[in-house]
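S.K.: Below is one structure. I have some questions about it.
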Amino acid sequence: MPPLEFKVVMIGAVAVGKSAIANRLQFQIFEDDYQPTIGAGYIPYKTTFEGKEIELQIWDTAGMERYKSLGSIYYRDAKAAVIVYDQTSLETADALQSWLQCFRATVKTSCYIAIAGNKDDLSNKIVPSEKIKAWCDENGFDFFLTSAKTGTGVNEMFNALIKSVVQLNDINVVQKAPQLSSAEKSNSGGCCGK
């Protein structure tokens, strides 16, 4: 049986750590010197969940303002979004709503959204996590404090993401299953229409 494939987009301002989080998940590495993503990067991540083979197709989108309009190209058909902000930058936290609006303008279907407050390992955090958590609770988003450098929260976030997208997929499969109308049920009469 082929793996269940789910497109995941990493969204957020430049230098919040989207690429670093994706690399921490896939390769268990952290590099101190990342170059800004141009367009988008792609990282396939394979795992298993409840006996099912899963492949996350992670699209690491550019955070520079001049590439923001390209988002709709990469967001299309996403089953999940991780919107990342830097805990040491109020500006990146203030931009969360804007990134969310851009994503929702493209993706109209139900999908999983997580908000990640990255750089949890740093001591100069200034974004009040309680405020972001309250906003997430109001909107039905999962909230995680992460550190791409130490790995804190990264696996937990993606485990929650995988669980949610698999459950959404299972619900959609059940809803799409063909249903017999009342007339078809009464006419069937048993095995082979007899």
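The values are calculated or read from the model by the stated rules, or taken from the named source; none is laboratory data. The structure displayed is predicted, hence computed values, not measured ones. Heads up, the Cβs are rebuilt from the backbone with ideal geometry, glycines too, and the neighbour counts pull from every protein chain shown.
S.K.: Looking only at segment 10-28, filter to residues that are among the small types (Gly, Ala, Ser) and part of a helix (DSSP H, G or I); which one of those is nearest to residue 112 (Cα to Cα)?
M.R.: 22
S.K.: Could you tell me which residue of segment 128-156 is farthest from residue 90 (Cα to Cα), considering only residues that are β-branched (Val, Ile, Thr) and surrounded by 19 or more Cβ atoms within 10 Å (Cβ to Cβ)?
M.R.: Kept after step one, since they are β-branched (Val, Ile, Thr), are these residues of segment 128-156: 132, 146, 150, 152, 154.
Remaining after also requiring surrounded by 19 or more Cβ atoms within 10 Å (Cβ to Cβ): 132, 146, 154.
Details: 132: 11, 146: 16, 154: 21 Å.
Looking at the filtered set, the residue picked out is 154.
S.K.: Can you confirm whether residue 160 is part of a helix (DSSP H, G or I), touching a Lys or Arg at 6+ places or on another chain (Cβ under 9 Å) and touching a residue at least 12 places away in the same chain (Cβ under 8 Å)? Show your work before the answer.
M.R.: Numbers: part of a helix (DSSP H, G or I): yes; touching a Lys or Arg at 6+ places or on another chain (Cβ under 9 Å): no; touching a residue at least 12 places away in the same chain (Cβ under 8 Å): yes.
For residue 160, the condition - part of a helix (DSSP H, G or I), touching a Lys or Arg at 6+ places or on another chain (Cβ under 9 Å) and touching a residue at least 12 places away in the same chain (Cβ under 8 Å) - is not met.
S.K.: Which of the numbered conditions does residue 1 fail, given that it passes all the others? Conditions: (1) modelled with pLDDT of 90 or more; (2) part of a loop (DSSP other than H, G, I, E, B).
M.R.: Among (1) modelled with pLDDT of 90 or more; (2) part of a loop (DSSP other than H, G, I, E, B), the lone unmet condition for residue 1 is (1).
S.K.: Condition first: exposed (fewer than 13 other Cβ atoms within 10 Å of the Cβ) and under 20 Å from residue 133 (Cα atoms). Now tell me which residues in segment 69-109 satisfy that.
M.R.: 91, 94, 97, 98, 101
S.K.: To continue, here is another question. So for segment 115-126 (the condition being closer than 16 Å to residue 11 by Cα and without any contact (Cβ under 8 Å) to a residue 60 or more places away in the chain), does at least one residue qualify? First the steps, then the outcome.
M.R.: If we filter segment 115-126 for residues that are closer than 16 Å to residue 11 by Cα, which is where we start, we get 115-119.
Still in the list and also without any contact (Cβ under 8 Å) to a residue 60 or more places away in the chain: 115, 117.
So far as segment 115-126 goes, yes, one or more of its residues are closer than 16 Å to residue 11 by Cα and without any contact (Cβ under 8 Å) to a residue 60 or more places away in the chain.
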